[in-house]
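For reference, the structure discussed in these notes is given below.
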Amino acid sequence: MKRLLLVLLFAAGCSAQVYSPLVLRKGQPDPTDLKRFTAAIYQQSGAKTPREKAEAIWRFFLTDGRFVPPGFWYHIAGWAYEEPTGEVLDPMKLINSYGFGLCYHIAPLLEAVFEAGGFQDARVWFLTGHTVTEVFYDGAYHYFDSDMMGYNVRGTSGFAGKNVVSVRDAERDSRIFLNKLASPKTVKSGVVDKPWYPADVREAAIPGLAELFSTTNDNYLYPYTRYSTGHNIAFTLRRGEKLIRYFEPAEPGLFYLPYSTDGKQWREFPHEIAQYQIRTSDGPHSQKDSRLWATGRIEYSPVVDPAAKEINVDMPSPYVIIDATFDVDATLGPSDVLTVQTSTDRGATWQRAGVLQGPHRGSWSVEPAVITKSAHGRLTAVSGRYGYRVRFSRDGGTVRSLHLTSRIQLNPRTLPALRPGKNEIEYTSGAVEDRIELPAIAASQDGVVRMNENGQMFFKPETGKTGTAVFELSAGERPLTGFDAGIRFLDLRNGLAPDKLTAETRHTAVQTAPGTATLEWSSSPSGPFTPLATYPKPEQWLDGERIDRVLLWPEMFTPVRDLPSGTRRVYVRVRSSGPAFDSVRLTVYAKGREPAGQLVITHEWTEDGSPRMHRETIDAGTVRKSYEVEAGPHVRNRAIVLQER
């Protein structure tokens, strides 16, 4: 059957011993689950009413750490980008691997957090130059801006307890912004909640901000979900595996450097801006204060079969990968050859990492293939991914041992930072199951064509046809306990398409026909298929006001956990008589092996420059445990290490 390559995406775990070990300080928001994450924000702020809860979420994500120390999120351009889909819109990736971005990152993230926090609806607006979020409560929508750091009420008689306006309110009446000003660079006393658009006030730019709203012809609403769901922080710690997460970059100049492609060339995505002293070599640090990103390592020493001619090892990661190194202990004769390759699509395609020609005895280190080098870094075959497979093929000789290392980037504000005094630490483990992300490679397709507009790729039905693509999902021959399926449908009838480089709009010559599109599943390739998601959906305007300036690019995602016992294969079908589609996301779940062994948790920090350490040993089957870590004054957190033994 003809195969259709849609998205190369892979992360898998097998022969696991400890499932999703999670270590947090008591009361710390859980970054692995949006509902628990938001519940902790409410608890920390004491928020009870919908208005209080909305403001608590807004304040938690303010981009300037002066207003919410130490500041979970910060504003920076160019660093939250991953090919092939472009600007990162997945909440789990943004929270855990990044912790920074621009308005078009934080707006979908706020939408996701509002909805996880129990609000009936939240939605995103694109204002051509700025992207913002509204949340629905008390019968109306309310606009909260964490990126520009402000929200508005009507009038000038104070803000406490007053109704927060919507985007449509701001479109109709620019005085909502302008009448708060005492002068171009000062705000009337007591009329706004602080912060109130501090950068715009400082630059006398509030009239320009108001104009973004009041020039309505280029304001577009995403009436459906804008954020992309599918990534999961669940992982499995195997025997011989170690996860090291630092609170800062492990070494100067180490960061995930995004690259973009137009289909022909690769280029660094972040841009240097001399006017603001922004240098790519400085990495994705906050321009306001000392907040940084962090890095870490996943190290794995698998058991090697000396008789095996070919060794395949999966290296999944919950965090975005910077690069990798493979250390081999081998003995090769004069005519022996050892070849190393990597794959990011579960072995459908391979890229050569290196070849070792005998004679050789001892250690050898090799890295994934380098796709391109540039002034500030390099792009390897595994950079910007969340997992890969590495294959060692030998023609003669012996491989005695392997040590594989993935270097990762993470948001240090998701880690359990110790403070002076007693720190109550809470440990939990996850479900005993293996989660396997699958590449979106169609087992069959009919009436679907691949479009490539300068590196921006998507798929559409052939003219006058209903296109279909069917994907086979399995975990080998293991019974499945469930699966996830996600997709983005693209209704391009107005000549606008999503721009992966800006998360905004671009003009396209491609026109899609009116029609329907469905995401469906079956336990048989011939069906019958059960719908998971359908476009278009019935229109639902909760406040009774219909908006006709819309971008119809809905993100669809459905988890299925009620499969018949013994199901080993699932078939997911995309079917469209009109809309195009991209960003197909597929994951299967299978029951894991029973936990075994012990987990060693090590907290590392310094006090007045002197190294300190606390080590906690937990049985692998433990679901929940609390323990205390005593720290002295002048704590500087260094790392938290999880190791299975």
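The values are calculated or read from the model by the stated rules, or taken from the named source; none is laboratory data. These figures come from a predicted structure and were not determined experimentally. Here the Cβ positions follow ideal geometry from the backbone for every residue, glycine too, while neighbour counts run over all protein chains shown. Ligands, DNA and RNA are stripped out before the accessible areas are found, and what is left, the full protein with its side chains, is counted by its heavy atoms. Shrake-Rupley method; radii C 1.70, N 1.55, O 1.52, S 1.80 Å.
Quick notes
- Residue that is nearest to Lys465 (Cα to Cα) [pool: residues in region 404-446 that are basic (Lys, Arg) and assigned to a strand (DSSP E or B)]: Arg435
- Scan of region 480-519 for residues that are open to solvent by 20 Å² or more (accessible area, probe 1.4 Å), within 15 Å of Met556 (Cα to Cα) and not in a loop (DSSP other than H, G, I, E, B), ordered by number: Arg488, Thr518
- Residues in region 447-467 that are within 23 Å of Gly86 (Cβ to Cβ) and in a loop (DSSP other than H, G, I, E, B): Asn454, Gly455.
- Condition met for Gly240 (within 18 Å of Val320 (Cβ to Cβ) and at pLDDT below 95): no
- The residue that is farthest from Lys288 (Cα to Cα), among those in region 73-104 that are of a type in the set (Gly, Ala, Ser) and surrounded by 24 or more Cβ atoms within 10 Å (Cβ to Cβ), is Ser97.
- Scope region 607-645; condition touching a His at 6+ places or on another chain (Cβ under 9 Å), closer than 21 Å to Arg291 by Cα and either surrounded by 14 or more Cβ atoms within 10 Å (Cβ to Cβ) or of a type in the set (Lys, Arg) (or both); matching residues: Glu607, Asn637, Arg638, Ala639, Ile640
- When Ser576 is tested against (1) without any contact (Cβ under 8 Å) to a residue 12 or more places away in the chain; (2) open to solvent by less than 50 Å² (accessible area, probe 1.4 Å), just one condition goes unmet, and that condition is (1).
- Region 169-193: number of residues that are open to solvent by 10 Å² or more (accessible area, probe 1.4 Å) and either out of contact with any helix residue (DSSP H, G or I) (no Cβ under 9 Å at 6 or more places or on another chain) or outside any helix (DSSP H, G or I) (or both): 15
- Index of the failed condition, Thr380 passing every other in (1) over 21 Å from Ile441 (Cβ atoms); (2) in contact with a Leu (Cβ under 7 Å, 6 or more places away or on another chain); (3) open to solvent by less than 30 Å² (accessible area, probe 1.4 Å); (4) not hydrophobic (A, V, I, L, M, F, W, C): (2)
- Check on Gly358, of a type in the set (Gly, Ala, Ser) and touching a residue at least 40 places away in the same chain (Cβ under 8 Å): no
- Of all residues in region 401-425 being over 26 Å from the mean Cα position of the chain (by Cα) and either open to solvent by less than 40 Å² (accessible area, probe 1.4 Å) or at pLDDT below 95 (or both), the one that is nearest to Val337 (Cα to Cα): Leu402
- Which listed residue is among the small types (Gly, Ala, Ser), more than 29 Å from Ile408 (Cβ to Cβ) and buried (at least 23 other Cβ atoms within 10 Å of the Cβ), from Ala122, Ala107: Ala122
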